[in-house]
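*Asks:* Take this structure, written in structure tokens, and hold onto it; I'll ask about it next.
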Amino acid sequence: MKCQLCPNPATVHFTKVVNKKATELHLCTECAARQQIPSLGELSLSAILQSLIGQHVGPQAEEMSRLTCPTCGLKYMEFRREGRLGCPRDYASFRVGLEPILRKVHRSTRHVGKVPRRRQPSEIDLSLLDLRQQLRRAVQAEAYEEAARIRDQIREKEAANESR
């Protein structure tokens, strides 16, 4: 197939969908670069996530850079760099930065699809998250006896959860 703009062979094939109408472009590498169409080598999940995340920080960049999830300890800037959240509570912790991204990607900030029955967070899962947070605080405060007690509680709950 030839490039639509010059006689060279087309190596970049791009489909643009606007108002449910698809438009295809078949271009050579040079013409694609002139049209600012990224090639496959430039596209990766992390690059796409970085562009989405980076677009929506804007004037709150200073405030967002200080955010940290109290449960898992993930910093917002780590999320921006890695493109992955650490725990379910990150959605609340990073709400200011996540809402614009979710609106752009999903056109909504609320999940309205199906939820697998077996993966709905149980009270045990949530209490384990809370205990782990307490354990982290106890260790940071060097309250080792309290940390050992909390560690034992976590082990008991995990053992009870596995026997289900």
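*Asks:* Rank the residues ARG149, ARG110 as a footprinting-exposure proxy: fewest other Cβ atoms within 10 Å of their Cβ go first.
*Replies:* Details: ARG149 13, ARG110 6.
Final ranking by Cβ density, sparse to dense: ARG110, ARG149.
*Asks:* Run the numbers for HIS106 and ALA143: contour at 0.36 nm per residue of separation, minus the present Cα-Cα distance, in nm. Before the final figure, lay out each step's value.
*Replies:* Values: separation 37, 0.36 × 37 = 13.32 nm, distance 4.41 nm.
Extra length from HIS106 to ALA143 when fully extended: 8.9 nm.
*Asks:* As an exercise, use a Förster radius of 41 Å and the Cβ-Cβ distance of LEU129 and CYS6 to find the FRET efficiency, rounded to the nearest 0.05.
*Replies:* On the way: r = 58 Å, r/R0 = 1.41.
In this case the efficiency is close to 0.10.
*Asks:* Among the lysines, which fall within straight-line cross-link reach of LYS20, defined as a Cα-Cα distance under 20 Å, with same-chain neighbours fewer than 8 residues apart omitted?
*Replies:* Those lysines meeting the cut-off are LYS104.
*Asks:* How high is the FRET efficiency between LYS157 and LYS114 when r is their beta carbon distance and R₀ equals 41 Å, given to the nearest 0.05?
*Replies:* Values: r = 28 Å, r/R0 = 0.68.
About 0.90, to the nearest 0.05.
*Asks:* Name the long-range amide H neighbours of LEU67: under 5 Å, sequence gap of 5 or more, or other chain; modelled H, no Pro or chain starts.
*Replies:* For LEU67, whose amide H was placed from the backbone, the distant partners under 5 Å are TYR76.
*Asks:* Given R₀ = 35 Å, FRET efficiency for GLU30-GLU62 by Cβ-Cβ distance, to 0.05? Mind dumping the intermediate values first?
*Replies:* Values: r = 41 Å, r/R0 = 1.17.
In this case the efficiency is close to 0.30.
*Asks:* Reachable aspartates and glutamates from LYS75, Cα under 15 Å, same-chain residues fewer than 8 places away excluded?
*Replies:* Excluding near neighbours in sequence, the set is GLU62, GLU63, ASP90.
Every number here is computed from the coordinates shown, using simple stated rules; none is lab data. If you're wondering where the values come from, they're calculated on a predicted model, not measured in any experiment. Quick reminder, even Gly has a Cβ in these numbers, built from the backbone with ideal geometry, and neighbours come from all protein chains shown.
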